[in-house]
Amino acid sequence: MLAGLGGLAGGAIGNYMDRQDAALRARLQGTGVSVTRTGPNGENITLNMPGNITFAVDSADISSSFYPVLDSVGFVFNEFNKTMIEMAGHTDSDGSEP
């Protein structure tokens with residue numbers, strides 16, 4: 001019985017992730033942001049946001065042209081509110097320290 005419940009729960013999680021993946025791909029199409037599924041069962045979704053569309057060189061301010069993309073991501077995460085979000089970013093060595 002436990003194996004059956006585990007399979008059902010796994011199937012429900014897979015369906016949830018499939019729907020979230022599809023929503024992100026639809027919302028982010030044409031923005032330059034790529035959507036990638038990772039993990040043994042595709043349980044992770046990675047959004048790759050290229051630096052040239054998110055920040056200007058020598059600036060810590062988000063480009064105003066990127067706001068609609070962030071709004072789209074926020075809309076999807078509000079719809080799929082059981083998602084755990086982990087953010088990571090990198091910078092370059094251009095410019096001087098503030």
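None of the figures in this text is laboratory data; all of them are computed from the coordinates on show. Just so you know, these numbers come straight off a predicted model, no measurement behind them. Heads up, the Cβs are rebuilt from the backbone with ideal geometry, glycines too, and the neighbour counts pull from every protein chain shown.
Suppose R0 equals 22 Å; then what is the FRET efficiency for F77 and I53 from their Cβ-Cβ distance, rounded to the nearest 0.05? Don't jump to the answer; show the numbers that get you there.
Working: r = 19 Å, r/R0 = 0.87.
Calculated transfer efficiency: 0.70.
Apply the Karplus parameterisation 6.51 cos²θ - 1.76 cosθ + 1.60, with θ equal to phi minus 60°, to every residue of the stretch 70-78 and state each ³J(HN,Hα) to the nearest whole Hz, in sequence, with x for glycine and proline.
4, 4, 5, 5, x, 4, 5, 5, 5
Which residues in the stretch 59-85 place their backbone N less than 20 Å from a point set 7 Å from the Cα of A26 along the Cα-to-Cβ direction?
68-83, by backbone N distance to the label point.
Scan around F55 for amide H atoms under 5 Å from its own, H built in the peptide plane at 1.01 Å from N, and keep only partners 5 or more places away or cross-chain.
S63
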